Amino acid sequence: MQIQHSVMKPIATTGTAHVQEVVRQAHEELRQLLQQRADVMRRIGTIKQTIAGLANLFGEEVLSDELLELVDRKSSGRQPGFTKACRMILMEANRALSARDVCDRLQQKSPPMLARHKDPMASVTTVLNRLVAYGEAQAVALDNGRRAWQWVADSQSAAAALPVSA
């Protein structure tokens, strides 16, 4: 019995080392993929802001119906979702917004949507935090110490994408 035990120990140790290496590699790949997702979401935000800015300057008629839907400026036939509405408010803002600011703008744009939520502030805060997790927004501290959120966009890319007027 003693002999079998000592023979099996190196196999178990080798197996554990192999599993730990697989876990380490999977962890590293997951970390890289999450970083890539954040980079892609930031780039998507930049492109959407650029397109929205061009539509504001030249009129929405310069955009196809498909593009209007892609940048969340045209209804897809169903009522827009709460997350989509929060995303648009944040994207269109030229500054960081508090959850209260987002609630106020939702109230102006779509009172029925806000009315469906038992605790609108909590719902908005949850959505804003999810947008941070998706890499689409970032949380910042206002001068008064309160938390606010702003749309994430690579400002250099956005500036480079806009036409230069002569």
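Every number in this text was worked out from the coordinates using simple rules, so none of it is lab data. Not measured: the values here are computed from a predicted model. Neighbour counts are summed over all protein chains in view; Cβ atoms, including those assigned to glycine, are modelled from backbone coordinates with ideal geometry.
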- Task: Please turn the phi angles of the stretch 106-112 into ³J(HN,Hα) values with the Karplus equation 6.51 cos²θ - 1.76 cosθ + 1.60 (θ = phi - 60°), one per residue in order, whole Hz, x for glycine and proline.
- Result: 5, 4, 5, 7, 8, x, x
- Query: What order, most packed first, do the peptides 136-148, 119-131 have when packing is the mean number of other Cβ atoms within 10 Å of each residue?
  - Reply: 119-131, 136-148
- Item | Interchain or long-range residues, amide H under 5 Å from residue 149's placed H | 97, 98, 140
